[in-house]
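Only one structure is covered here, and it is reproduced in the block below.
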Amino acid sequence: MVLAEHKGNLLGLNLEELEKFAVSSGQPKFRGRQLYHGIYARRVRDLAGLTDLAHEFRDFVAAGYGIFYPQAERHFCSLDGSIRYLFRLADGNLVETVYMPEEDRITLCLSSQVGCAVDCKFCFTALLGSKRNLTAGEIIGQVLAVAAGQNVPRGARLNLVFMGMGEPMLNLPQVLKAVEILADPKGVGVTLRRITVSTVGILPRIKQMSLAPVRPKLAISLNASNDEQRTALMPINQKYPLADLIRVCRAYPLRQWEHLMFEYVMLEGFNDADDDARRVADLLQDLRAKVNLIPYNSGPGLPYRAPRFDRVLEFQKILMDRNIPTFIRISRGRDISAACGQLSLAESGQAVANIG
Ligand code: SF4
């Protein structure tokens, strides 16, 4: 087998780039469209399968290029049906993707960077440091590789959430390029309303994303009810404090069907008091917002623990009484280190590390 690094990878090229590629190879433009259809809609991995291409062009492409997905180095199966994939990229780096099947849909949690520079104190990905951004091809490759491994057909009810390793807003051009191809009905064909990008609140990038022609949904990782608390947990809050974050959220151009989603990782004795819930309600009062409460996934190495469940219910009630739709999300895949914040390239099914 020819290694990916010896050939160019067509995965991640958009329609325009593939059309240019065809023309620069002496072919009519529509050959690029055929490549695009084959790679993303038909999910062909072997160029020999692109039988609609002229024979000579197919041989020419195959001599220098291929369609290379990330290599699934290992995968870990949870008792709840989730699977955590450890993918090796062409340069040897590793990233993780989590497959979470439910009765009526499948959710994939995608990584956008190798490691992360943001340094949230409850997160083990942060301990890996920041290595590099993923390319659009490496992001799309996570989706196609898992879909191939799990026999997820085109047209399946698929949710994509950028909540894996990395801060997607710090890799926004490649994330948006990937989303365009993923959400294109002539591309991978995932419904745009089912794609969510989650951020700690990199404000200039939120504004930038609001202008994107193909725009995924926005989730904000809130996790605190005041600046002091949030800065202790998420140092990025010093640069983008809560008042500024909420101001940008108020100005965010929501589509008619859309809500802002606020994620709130609940840490016992830290951010789970009734007063916290009241302050969160005050912050979100005039926003078209929903809240996900995520009891922390504890493990060795970090000092936080999940609150008792009745505390989570009390917190939820205070928000609901203020008319803020609030859901409790119990993370999937805890036993395989795949739950929210646990992605740390752990080489076993044990929760050796934990993030939020
Ligand atoms: S929670 Fe997200 S943004 Fe924060 S350090 Fe972890 S991966 Fe990075």
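Mind checking which helices (runs of 4 or more DSSP H) fall wholly inside region 197-271 and carry at least 3 residues that are more than 30 Å from residue 309 (Cβ to Cβ)?
Because the criterion is at least 3 residues that are more than 30 Å from residue 309 (Cβ to Cβ), the helices (runs of 4 or more DSSP H) in region 197-271 that meet it are 203-210, 242-251.
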ask   = Given 198, 225, 221, which one is assigned by TED's automatic domain parsing to the domain that holds residue 156 and in contact with a Gly (Cβ under 9 Å, 6 or more places away or on another chain)?
value = 221
message = Report every pair of residues separated by at least 6 positions or lying on different chains whose Cβ atoms are under 7 Å apart, first residue within region 231-244 and modelled with pLDDT of 95 or more and away from the ligand (no atom under 14 Å from the Cβ), second among the basic types (Lys, Arg) and in a helix (DSSP H, G or I).
response = 242/230
task = Would you mind finding the one in 129, 155 that is in the same structural domain as residue 292 (by TED's automatic domain parsing), at positive phi, within 16 Å of the ligand (Cβ to nearest atom) and touching a Gly at 6+ places or on another chain (Cβ under 8 Å)?
result = 129
ask   = Got a sec? Which of 84, 105, 74 is surrounded by fewer than 20 Cβ atoms within 10 Å (Cβ to Cβ) and within 24 Å of residue 217 (Cα to Cα)?
value = 105
request  = Determine whether region 296-309 contains at least one residue that is within 20 Å of the chain's Cα centre (by Cα) and either crowded, with 22+ Cβ neighbours inside 10 Å or at pLDDT below 85 (or both).
outcome  = yes
key: Sole residue being aromatic (Phe, Trp, Tyr) and closer than 22 Å to residue 198 by Cβ, chosen from 122, 68   = 122
inquiry  = I need the full set of residues from region 132-151 which are away from the ligand (no atom under 16 Å from the Cβ) and out of contact with any Leu (no Cβ under 7 Å at 6 or more places or on another chain), in order please.
reply    = 135, 136, 144, 145, 147, 148, 149, 150, 151
key: Meets criteria (within 16 Å of the ligand (Cβ to nearest atom), under 21 Å from residue 133 (Cα atoms) and either at pLDDT below 95 or surrounded by fewer than 22 Cβ atoms within 10 Å (Cβ to Cβ) (or both)) for residue 176   = no
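The values are calculated or read from the model by the stated rules, or taken from the named source; none is laboratory data. Bear in mind the structure is a predicted one, so any value in this text is a computation, not a measurement. Here Cβ is always computed from backbone atoms with ideal geometry, including for glycine, and neighbour counts include all displayed protein chains.
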